[in-house]
Amino acid sequence: ENELSAKYGGKGFDTSLVDQTCLVDKCSLQAKACLADDPDCRKGLTCTAKCKGDNTCITGCMARYGDENLDNLLKCTIEDNECIKIAILDGGADKYGEEPRSPAPAVRNFNMNSLEGQWYKVVGFNPNYDCYACQKNSFSVPDENSPPFRQNNKLE
């Protein structure tokens, strides 16, 4: 994790953004599962803290050490209870004419059944996301009343 923070680390960590009482009162189970019981989660949290807010660095930490315990701790502390304050942009559609451009034109008359089977993601359009491990997706044809089934597995 040190090479990520050395390359991308931000200017400093603002401790006023962390409510320690909230962490203890509302997220202690998730913190224990991460810090006491899961070495990868502990490394991921340490790595992320060393990034000092730099998104590229944090993405690298999550790709290398992310797991269910880290997800649960971050969800509790950031999303559910706001123990850690982060900048979040308001949701909503992009203004007309300011939408991101698609990397390629949409396929006309696309047949969803052609996706059925196993597919491997090895590279994409985002250099930050591409540092995640190779992933295997499985697709199956849905019945009329359900969305397409997709399963995503990270390969070790």
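From (1) farther than 29 Å from C134 by Cα; (2) open to solvent by 90 Å² or more (accessible area, probe 1.4 Å); (3) out of contact with any helix residue (DSSP H, G or I) (no Cβ under 7 Å at 6 or more places or on another chain), pick out the condition that doesn't hold for P100.
Of everything listed in (1) farther than 29 Å from C134 by Cα; (2) open to solvent by 90 Å² or more (accessible area, probe 1.4 Å); (3) out of contact with any helix residue (DSSP H, G or I) (no Cβ under 7 Å at 6 or more places or on another chain), P100 misses just condition (1).
Just need a number here: residues in the stretch 39-59 that are modelled with pLDDT of 85 or more, open to solvent by 30 Å² or more (accessible area, probe 1.4 Å) and not basic (K, R).
Taking the stretch 39-59 and keeping what is modelled with pLDDT of 85 or more, we get 39-47.
Next, from what is left, pick out any that are open to solvent by 30 Å² or more (accessible area, probe 1.4 Å): 39-40, 42-43, 45-46.
Among the residues that remain, those that are also not basic (K, R) are: 39-40, 45-46.
Number of matching residues: 4.
Within the stretch 123-143, can one find any residue that is among the aromatic types (F, W, Y), farther than 30 Å from A33 by Cα and either in contact with a helix residue (DSSP H, G or I) (Cβ under 6 Å, 6 or more places away or on another chain) or modelled with pLDDT under 75 (or both)? Even if it seems obvious, please write down each step before you answer.
Kept after step one, since they are among the aromatic types (F, W, Y), are these residues of the stretch 123-143: 125, 129, 132, 139.
So of that shortlist, the ones also farther than 30 Å from A33 by Cα come out as 125, 139.
In the following step, the residues that additionally are either in contact with a helix residue (DSSP H, G or I) (Cβ under 6 Å, 6 or more places away or on another chain) or modelled with pLDDT under 75 (or both) were identified as 125, 139.
Yes, the conditions are met somewhere in the stretch 123-143.
From the residues in the stretch 60-90 that are among the β-branched types (V, I, T) and modelled with pLDDT of 80 or more, which one is farthest from Q30 (Cα to Cα)? First the steps, then the outcome.
Quick first cut of the stretch 60-90, residues among the β-branched types (V, I, T) only: 77-78, 84, 86, 88.
Then keep just the ones that are modelled with pLDDT of 80 or more; that gives 77-78, 84.
Values: T77: 9, I78: 12, I84: 14 Å.
Only one residue tops the list, namely I84.
Scanning for something at pLDDT 75 or above, touching a strand residue (DSSP E or B) at 6+ places or on another chain (Cβ under 7 Å) and open to solvent by less than 80 Å² (accessible area, probe 1.4 Å), does the stretch 108-122 turn up at least one residue? So that I can check it myself, show each step before the final result.
Residues of the stretch 108-122 at pLDDT 75 or above: 108-120.
Narrowing the set further to residues that are touching a strand residue (DSSP E or B) at 6+ places or on another chain (Cβ under 7 Å) leaves 115-120.
Next cut, open to solvent by less than 80 Å² (accessible area, probe 1.4 Å) only: 115, 117.
Yes, there is a match, as at least one residue in the stretch 108-122 is at pLDDT 75 or above, touching a strand residue (DSSP E or B) at 6+ places or on another chain (Cβ under 7 Å) and open to solvent by less than 80 Å² (accessible area, probe 1.4 Å).
Restricting to the stretch 60-84, count the residues that are part of a loop (DSSP other than H, G, I, E, B) and open to solvent by less than 60 Å² (accessible area, probe 1.4 Å).
Keep residues of the stretch 60-84 that are part of a loop (DSSP other than H, G, I, E, B), which gives 66-67, 81-83.
Adding the requirement that they be open to solvent by less than 60 Å² (accessible area, probe 1.4 Å) leaves 66-67, 81, 83.
Here the count works out to 4.
The values are calculated or read from the model by the stated rules, or taken from the named source; none is laboratory data. Note that the structure is predicted; figures quoted are calculated from it, not measured. Glycine gets a Cβ as well: all are built from the backbone with ideal geometry, and neighbour counts include every protein chain shown. Just so you know, the surface numbers come from the protein's heavy atoms only, side chains and all, with ligands and any DNA or RNA stripped out. Shrake-Rupley method; radii C 1.70, N 1.55, O 1.52, S 1.80 Å.
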